[in-house]
Amino acid sequence: MEEEEEINKIEKEEEEEEEIKKEEIEEEEPEQEEIEEKIKEEIEEKIKEEIEEKEIEEIE
């Protein structure tokens with residue numbers, strides 16, 4: 001009987017750890033999305049600057 005209780009205790013702890021990991025991953029996802037969006041915006045801005053520079057060079 002004690003062995004079964006110990007097994008149940010271990011299983012419960014493992015389930016709790018999995019839940020904690022799942023929550024951590026869910027918390028990180030929005031941060032990752034924000035980072036990706038920021039990178040995308042920076043790339044778009046850089047492309048716009050390069051296009052403007054090329055247009056200026058063509059005019060000269």
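Bear in mind that the values in this text are calculations on the coordinates, not laboratory data. What you see is a predicted model; the values in this text were computed from it and never measured.
Note on the chain: lysine pairs with Cα distance below 23 Å, sequence gap of 8 or more or different chains, count 9. The share of C-alpha pairs in the chain whose separation exceeds 17 Å stands at 67 percent. Against the chain, whose longest principal axis is taken from its Cα atoms, helix 2-59 shows a tilt of about 0°.
Express in nm, to one decimal, how much length is gained between residue 5 and residue 32 on full extension, taking 0.36 nm for each residue of separation and deducting their alpha carbon distance.
Details: separation 27, 0.36 × 27 = 9.72 nm, distance 4.05 nm.
Extra length available between residue 5 and residue 32 comes to 5.7 nm.
Taking each residue as 0.36 nm, the span from residue 16 to residue 47 lengthens on full extension beyond its C-alpha to C-alpha distance by 6.5 nm.
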